[in-house]
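For reference, the structure discussed in these notes is given below.
The values are calculated or read from the model by the stated rules, or taken from the named source; none is laboratory data. As the structure is a computational prediction, the values presented were derived from the model and not from experiment. Backbone-built Cβ (ideal geometry, glycine too); neighbour counts: all protein chains shown. Calculation scope for accessible area: heavy atoms of the full protein, side chains included, ligands and nucleic acids excluded. Shrake-Rupley method; radii C 1.70, N 1.55, O 1.52, S 1.80 Å.
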Amino acid sequence: MKNLLLEIGTEEIPAHAMPNILSQLKTLAETAFKDARINFGEVKTLGTPRRLALLISDVDEQQADISEEKRGPSAKIAFDAEGKPSKAAIGFARGQKINPNDLITRDGYVYAIVHEKGQETSKLLEKILPKIICDLSFPNNMRWSDLDFKFIRPLRWIVALFGEEIIPFEVAKVQSGRKSRGHRFLGSGEFEIASATDYIKSCESEFVIVNQEQRRSMIVAEIEAVAKECGGKAEITDDLLEEVLYLVEYPTALAGKFDTEYLKLPAEAVITPMRDHQRYFPVKTFEGKLMPLFITIRNGGREYLDIVQHGNERVLKARLEDAQFFFNEDRKKSLEQHRDKLKTVVFQEGLGSIFEKTERLQKLSALIADLLGVEPEDKSNTIRAAQLSKADLVTGMVTEFTELQGIMGREYAKLDGEDSAVSVAIDEHYMPRFAGDNQPKTTAGRILSLADKIDNIVATFSRGLIPTGSQDPFALRRQALGIVNTLIEAKWSLSLSKIVDESMTLLKITDEVGREKLQKEVADFMRLRVKNILSDSVRYDVIDAVIDDVDDLYSVTLKAAALSDFLKTADSTKTIQSFVRVGNLAKKAESTELDASVLNVEAEITLYKAFEAIKVVSEELISKNDFSGTLEALKKLSSPIDSFFDSVMVMDENLKIRNSRLALLKIIDNLIYKVANFSKIVL
């Protein structure tokens, strides 16, 4: 067994693309080796901005042998009257590269046992490795020179070693070998790798930390050490760390300073240019207050750090001066005075301006507040926040630093003396901004967030722009997930159809057929989001049982939890079977009009009385979203239902009796269905 190395040397690859490329590289390699019947050990992918590397340990030097049994023509056709192989048998044997006399007869057919000896792995790698390179896919490709070959960045070198042996092949006029390239500035240029086992150490000797996890640990350790020297703590976010990780091959941290005058700006107005534009890590005191410091990662050693520091400080100073200028200009008007300019900003084609959107948000927020029955103060704050929610979009600060939308609205509202609930809601209504972001926490923020996202979804759907496949340019899936998660976290029961109906009215959608279609599309869209959330912890059949009606999204999650717990109880199977029997016959009922005086068999009278005894209690429990309690109440119907079916002929010849019995089953089924469609449960 030998270790295998494939290194693909390129010009600098965009940092955001690296994790996906390395994942692809590993998957392609594992698939290729399994398909080629080559046994192997651990598969690692390593990467820096200039190289993609594949390391596979314990690769067999010989492809596994194979024996296959292949069926040929029937025995009647394969042999003549004298038992000699016919032309059909001879042709089949020739195709399988065996002697016709070696054919086996069984079950009326002839079979060929084909033995194929495995080839040398090194020879197979000459085709496998270039195919892996060519099969990599990227969001954007480049062509160079006169080649038809496409890759994310031009190829510059390829290292392919099986143990110490070079695997020869060519891709895009680049010949494989053992020569790699060191760090652009610290390395000695080209260097040779003796064997696949030596790869990581050889790269390190040329100032290339090729293992990204080692590089990540170095970056974090260096940042923390520098921050500690400065008397503070660095704010290291996962997304920035991931980006910086793939921008450097040999990381060195250094600190820079900026004028304390800029600390008078809102903290985010300083951090955003620092982090999002310059990829610097902000430094805070241990109490969480921003310090006039930043930490950056240099792709190199410690030589001339003072010059590098000065250059970074100059760049950041220019950015902060811009922020200071825009902030001062913005503060010449109140946030409300900026709002008028929203009339010139289009929301979506054919759907008016952002100003008109804020008018809709005020009315939609008021409806949600009324449906929830919140305190008058919370409703008032929500409506005011809706009025100001988009005003910061036309400020200079947000125009220059778009990541600050909502955040600057919050800060400007504070400076204008708005209620703190209003200012916080302006920021929170955009949450969650990305996967893993926080949900809004305040009442006003949650209501405004729901209103904004519903308006976005209904407005976009009304234009026929429903997300399909991987296409979701307006991030509606994320917004829908935000709606569901907000309702779950707040424990709010709301009628989705009522809010969507109001949203359509505010958008001036009057066509009844169109409104009905839009309601269904939004409900289906939200149903899939609830499914996604529940699928992490709930059985698929339980989800299917509770997902039919998503008008109250929060209650769907409670039904799923209650039903999951119910299925763990001893008598759940018997109860569910009883409910399913009711549902099957209830489908035949033409109405729920029940004439109780017609019921004349003891078992049906008992069932009717049992239903009447739990009906009011069950509906009260359902109204309180107590579905565990409801199931306990409904469980009491199980035995009367079984006795009913054992003793009563439902489809009686007397039409009046038949209809009454079917009506009884129907009203029972209607109550049960408010919890779940038990026919979907797999017992």
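Just a few scattered comments:
- Once region 434-479 is narrowed to residues that are farther than 24 Å from Lys379 by Cα and basic (Lys, Arg), the residue that is least open to solvent (accessible area, probe 1.4 Å) is Arg477.
- For region 491-523, taking the residues that are among the small types (Gly, Ala, Ser) and assigned to a helix (DSSP H, G or I), the one that is modelled with the lowest pLDDT is identified as Gly514.
- Only a single criterion out of (1) free of Cβ contacts under 8 Å to residues at least 40 places away in the same chain; (2) surrounded by 13 or more Cβ atoms within 10 Å (Cβ to Cβ); (3) among the basic types (Lys, Arg) is not satisfied by Lys264, namely (2).
- Figure legend. Inter-residue proximity from region 197-222: first residues without any contact (Cβ under 8 Å) to a residue 40 or more places away in the chain, second residues of a type in the set (Val, Ile, Thr) and crowded, with 19+ Cβ neighbours inside 10 Å, beta-carbon distance below 7 Å, spacing 6+ or different chains. Indicated pairs: Ser202/Ile193; Cys203/Val210; Met218/Ile209.
- Any hit, region 314-330, residues being in contact with a Gly (Cβ under 8 Å, 6 or more places away or on another chain), open to solvent by less than 90 Å² (accessible area, probe 1.4 Å) and of a type in the set (A, V, I, L, M): yes
- Filtering Leu534, Leu567, Leu563 for residues that are surrounded by 13 or more Cβ atoms within 10 Å (Cβ to Cβ) and over 16 Å from Ile672 (Cβ atoms) leaves a single hit, Leu534.
- Residue that is modelled with the lowest pLDDT, among those in region 47-91 that are in a strand (DSSP E or B) and among the hydroxyl-bearing types (Ser, Thr, Tyr): Ser67
- Check on Asp548, over 30 Å from the mean Cα position of the chain (by Cα) and surrounded by fewer than 17 Cβ atoms within 10 Å (Cβ to Cβ): no
- Candidate set: region 237-261, residues that are assigned to a loop (DSSP other than H, G, I, E, B) and at pLDDT 95 or above; chosen: the one nearest to the chain's Cα centre (by Cα): Tyr246
- Residue check, Arg529 basic (Lys, Arg) and open to solvent by less than 40 Å² (accessible area, probe 1.4 Å): yes
- For region 2-39, the set of residues classified as touching a Gly at 6+ places or on another chain (Cβ under 6 Å) and open to solvent by less than 30 Å² (accessible area, probe 1.4 Å) consists of Met18, Leu22, listed by residue number.
- Residue match in region 103-122 (condition: assigned to a loop (DSSP other than H, G, I, E, B) and under 38 Å from the mean Cα position of the chain (by Cα)): no
- Positions within region 319-370 being among the aliphatic types (A, V, I, L, M) and not in a helix (DSSP H, G or I), in sequence order: Val345, Val346, Leu351
- Any hit, region 169-178, residues being of a type in the set (A, V, I, L, M, F, W, C) and out of contact with any strand residue (DSSP E or B) (no Cβ under 7 Å at 6 or more places or on another chain): no
- Residue pairs meeting the criteria (Cβ under 8 Å; at least 6 apart or on separate chains; first touching a residue at least 24 places away in the same chain (Cβ under 8 Å), in region 92-118; second open to solvent by 80 Å² or more (accessible area, probe 1.4 Å) and part of a helix (DSSP H, G or I)): Gly108/Lys76; Ala112/Asp102; Ile113/Asp102
- Filtered by the rule that a residue be under 10 Å from Arg71 (Cβ atoms) and not hydrophobic (A, V, I, L, M, F, W, C), region 99-114 gives Arg106, Asp107, Tyr109, Tyr111.
- Scan of region 644-655 for residues that are over 14 Å from Asp669 (Cβ atoms) and crowded, with 17+ Cβ neighbours inside 10 Å, ordered by number: Val648
- Single match in Glu243, Glu224, Glu268 (criterion: out of contact with any helix residue (DSSP H, G or I) (no Cβ under 6 Å at 6 or more places or on another chain) and either under 23 Å from Asp427 (Cα atoms) or of a type in the set (Asp, Glu) (or both)): Glu224
- Residue in region 30-44 that is closer than 30 Å to Glu242 by Cα, of a type in the set (Ser, Thr, Tyr) and not in a strand (DSSP E or B) present: yes
- Qualifying residue in region 433-448 (condition: of a type in the set (D, E, K, R), over 21 Å from Ala267 (Cα atoms), modelled with pLDDT of 95 or more and in contact with a Ser or Thr (Cβ under 9 Å, 6 or more places away or on another chain)): yes
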